[in-house]
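The values are calculated or read from the model by the stated rules, or taken from the named source; none is laboratory data. All values reported here derive from a predicted model rather than from experimental measurement. Cβ sites come from the backbone with ideal geometry, for glycine too, and all protein chains shown count toward neighbours. With ligands, DNA and RNA removed, areas are computed over all heavy atoms of the protein, side chains included. Shrake-Rupley method; radii C 1.70, N 1.55, O 1.52, S 1.80 Å.
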Amino acid sequence: MSRHRVGLLGWMWRLFVLVVVWLLGVTGWIMWIGERDQAAKADAIIVLGAAAYDAKPSPVFQERIRHGLDLYQAGYAPLLIFTGGYGGSGARFSESQVARRYALKQGVPAKAILIETQSRNTVQNLVEAKRLMDQRGLHRVIIVSDPLHMARALRLSRAMGIDALASSTPSTRFRSFHTSWRFLAQEIYFFHRDLFVQAVG
């Protein structure tokens, strides 16, 4: 084998090792952010949307709603902002309306709940939540989502100028190895996509 080929393979090996180390670092950062609870006094609690089945929240969404209610009942903020639009053309309720109904059944007064019904993804969740914040003169908020989703939600919030604190759900319904790994891989992809968008933007 020629010295040139040995040198090329050596550089390819070094590049491979660097990529692996980088991906492990990104993975560790995503998991570390998700495990931190920054909950502190704020103007509102933003609960990011997730799937709903007609009038019933999905298990993932229910965990987020419950955690948002726990923070509200603990006195961290006087307002809940539920986000999430309609999941399909035949949906009777938006995700945020489902969350609102759930909160009302738990004794939360209607005046303490704000909703938006237009968003379909995380970015739109936060854009619409910020619109409600601006209308009410709200500044600091607590973001509620799943642990593996929190790093991206927090990064997007701050890019929009939202003074955001992270408070992940203490448990997640992404429990199996398959679902957890797929969700983590998705978040790693979004991390790099967002970096690329910022670089060319």
Flag for ALA159 being under 24 Å from THR27 (Cα atoms) and open to solvent by 50 Å² or more (accessible area, probe 1.4 Å): yes
Test for ARG120: is it under 15 Å from ALA153 (Cα atoms), open to solvent by 60 Å² or more (accessible area, probe 1.4 Å) and out of contact with any strand residue (DSSP E or B) (no Cβ under 7 Å at 6 or more places or on another chain): yes
Cβ-Cβ under 8 Å pairs, at least 6 apart or on other chains, the stretch 163-180 side at pLDDT 95 or above and open to solvent by less than 20 Å² (accessible area, probe 1.4 Å), far side assigned to a helix (DSSP H, G or I) and among the polar types (S, T, N, Q): ALA164/SER157
Number of the exception - LEU8 against (1) farther than 25 Å from GLU187 by Cα; (2) part of a loop (DSSP other than H, G, I, E, B): (2)
Residue within the stretch 58-66 that is loosely packed, with under 10 Cβ neighbours inside 10 Å, among the basic types (Lys, Arg) and in a helix (DSSP H, G or I) present: no
Residue within the stretch 36-44 that is open to solvent by 50 Å² or more (accessible area, probe 1.4 Å) and either in contact with a Ser or Thr (Cβ under 6 Å, 6 or more places away or on another chain) or among the hydroxyl-bearing types (Ser, Thr, Tyr) (or both) present: yes
